[in-house]
Amino acid sequence: MSYRATTVPSVRSKTEVSGAVLSRAGLLVVSAYIAAQILSDIGSLKIALFAGFSIDGGTFIYPVTFTLRDMVHKLLGRRAARTLVITAGVINLLMAAYFLFVAALPADPAWLSGFAAQGIHADPFALVLSPTWRIVIASIIAEVVSELLDTEIYHLWVTRITRRYQWARVLVSNTISVPVDSLIFCWGAFAGRLPPAVIWSIFWINVITKGLTTLVSLPGIYLVREEGEA
């Protein structure tokens, strides 16, 4: 009787600690995914020159979301990953609508006067953060479609092929979903506004940059436990 009384609380305590660690890991990965989505969408408002190519500023951080999505899938399962992708799309849409609302508000003259002294006479917030809705919609559709595709490819790999070689599940799912994302975004945002040669140029530099970022972020899959692991 004494033996049982001393061991049962110990096992229960270990389980509770393990669950707490799992919850913190899930919270951190989900938060990182949403943050990366928001930052990449804000960065996308600037079209920059990189290595002689036109590229949106969100390209450098957005590919990390694919690996973060894989980490959520591994830790919390496919249903949680799908929910996260849809939620991020809604958040990005609400963010764009809020930026549009704030940009439409009249600016305080005292606030504008500080920028006028620097030769800026228009509302700088509206100039930078007022969204172009065609780009916003193309971006959100590309994100949701490509990351849901990433979810299914990842699930297929771990259920039909192997759970070993975790780097491979990330690499394969990202290799397919990243070009799909760039294809939808580039043609959805710029078709009819830019020459096809320019759009394909933007597409290829996006794919290359996102591919390199994927290779850098790929080891992150080893930072979280598989769903159901103790």
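Numbers below:
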| quantity | calculated |
| --- | --- |
| Test result for A88, among the small types (G, A, S) and under 15 Å from the mean Cα position of the chain (by Cα) | yes |
| Residue ID - farthest from A142 (Cα to Cα), chosen from residues in region 69-79 that are in contact (Cβ under 8 Å) with a residue 40 or more places away in the chain and surrounded by fewer than 18 Cβ atoms within 10 Å (Cβ to Cβ) | G77 |
| G220 being modelled with pLDDT of 90 or more, touching a helix residue (DSSP H, G or I) at 6+ places or on another chain (Cβ under 9 Å) and not β-branched (V, I, T) | yes |
| Selection from region 32-48 of residues that are more than 11 Å from F60 (Cα to Cα), touching a residue at least 24 places away in the same chain (Cβ under 8 Å) and within 8 Å of the chain's Cα centre (by Cα) | Y33, I34, Q37, I38 |
| Elements of type helices (runs of 4 or more DSSP H) contained in region 115-230, each with 3 or more residues being crowded, with 16+ Cβ neighbours inside 10 Å | 133-156, 166-190, 196-217 |
| Hey, Y62 among the aromatic types (F, W, Y), in contact with a helix residue (DSSP H, G or I) (Cβ under 9 Å, 6 or more places away or on another chain) and outside any helix (DSSP H, G or I) or not | yes |
| Lone unmet requirement of (1) crowded, with 18+ Cβ neighbours inside 10 Å; (2) more than 23 Å from T213 (Cβ to Cβ) for V102 | (1) |
| Cβ-Cβ under 9 Å pairs, at least 6 apart or on other chains, region 80-96 side over 12 Å from I34 (Cβ atoms), far side not in a helix (DSSP H, G or I) | A80/E227; A96/P131 |
| Check on E152, of a type in the set (D, E, K, R), modelled with pLDDT under 95 and within 24 Å of R82 (Cβ to Cβ) | no |
| Region 9-68, residues that are charged (D, E, K, R) and either exposed (fewer than 11 other Cβ atoms within 10 Å of the Cβ) or at pLDDT below 85 (or both) | R12, K14, E16, R24, K46, D56 |
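The values are calculated or read from the model by the stated rules, or taken from the named source; none is laboratory data. Just so it is clear, the model here is predicted, and its values are computed rather than measured. Positions of Cβ are generated from backbone atoms using ideal geometry, with glycine treated the same way; all protein chains shown enter the neighbour counts.
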